[in-house]
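Remarks on the structure that follows.
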Amino acid sequence: MKTTLHQVLIRPGRPIFFGSRGRHVVFGLPGNPVSAFVTFEALVRPFLGRMMGYDGLGARRLRARLAAPLAKKMERTVFWPATLSSSAEGPVVATLPWKSSADLATLARADALAIQPRGTTIDANSWVEVVLLD
């Protein structure tokens with residue numbers, strides 16, 4: 001088996017495996033449930049969609065204003081569980097208090113994932129990329 005990918009710089013979900021043998025591919029997802037969900041949505045679903053010839057099978061994304069700042073620089077790109085609402089100025093995303101990659105209760109309340117790129121801080125009211133959860 002040829003290993004193509006072993007780890008990624010995202011949180012949650014750093015440990016992931018992608019390999020292939022001939023025409024067969026294998027994904028190994030992290031063990032914590034939130035990590036497995038995020039890596040599937042961010043990496044596996046778009047890959048499978050492209051393999052099947054669909055451009056739109058990946059998670060839907062949009063840009064929204066951030067309700068509160070993300071003031072701490074992170075070593076990895078973070079997919080924050082969040083809720084999405086609307087305002088006169090457009091969509092607004094609010095991150096949820098999140099304990100760990102095993103925190104299914106917070107993920108269950110989320111209808112979006114707000115993306116904080118690695119090494120950045122983001123002020124309130126700044127535009128951020130958001131993954132919509134159906």
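The values are calculated or read from the model by the stated rules, or taken from the named source; none is laboratory data. Here the structure is a predicted model, which means the values were calculated and not measured. Backbone-built Cβ (ideal geometry, glycine too); neighbour counts: all protein chains shown.
For residue 8, state whether it is within 20 Å of residue 100 (Cα to Cα) and either under 11 Å from the mean Cα position of the chain (by Cα) or not polar (S, T, N, Q) (or both).
On the way: within 20 Å of residue 100 (Cα to Cα): yes; either under 11 Å from the mean Cα position of the chain (by Cα) or not polar (S, T, N, Q) (or both): yes.
Yes: the conditions hold for residue 8.
When you scan the range 48-56, do you find a residue that is exposed (fewer than 15 other Cβ atoms within 10 Å of the Cβ) and of a type in the set (Phe, Trp, Tyr), even just one? Break it down into steps so the answer makes sense when it comes.
Taking the range 48-56 as the starting set, the residues that turn out to be exposed (fewer than 15 other Cβ atoms within 10 Å of the Cβ) are 50-56.
Adding the requirement that they be of a type in the set (Phe, Trp, Tyr) leaves 54.
There is at least one residue in the range 48-56 that is exposed (fewer than 15 other Cβ atoms within 10 Å of the Cβ) and of a type in the set (Phe, Trp, Tyr).
Do any strands (runs of 3 or more DSSP E) entirely within the range 18-134 hold 1 or more residues that are more than 30 Å from residue 1 (Cα to Cα), and if so, which?
61-66, 77-87, 90-95, 112-116, 127-132
Need the failing condition index for residue 79 against (1) out of contact with any strand residue (DSSP E or B) (no Cβ under 7 Å at 6 or more places or on another chain); (2) assigned by TED's automatic domain parsing to the domain that holds residue 120; (3) crowded, with 17+ Cβ neighbours inside 10 Å, just the number.
(1)
Filter the range 1-17 down to residues that are in contact (Cβ under 8 Å) with a residue 24 or more places away in the chain and part of a strand (DSSP E or B) and give me whichever is surrounded by the most Cβ atoms within 10 Å (Cβ to Cβ).
If we take residues in the range 1-17 being in contact (Cβ under 8 Å) with a residue 24 or more places away in the chain and part of a strand (DSSP E or B), then 16 is surrounded by the most Cβ atoms within 10 Å (Cβ to Cβ).
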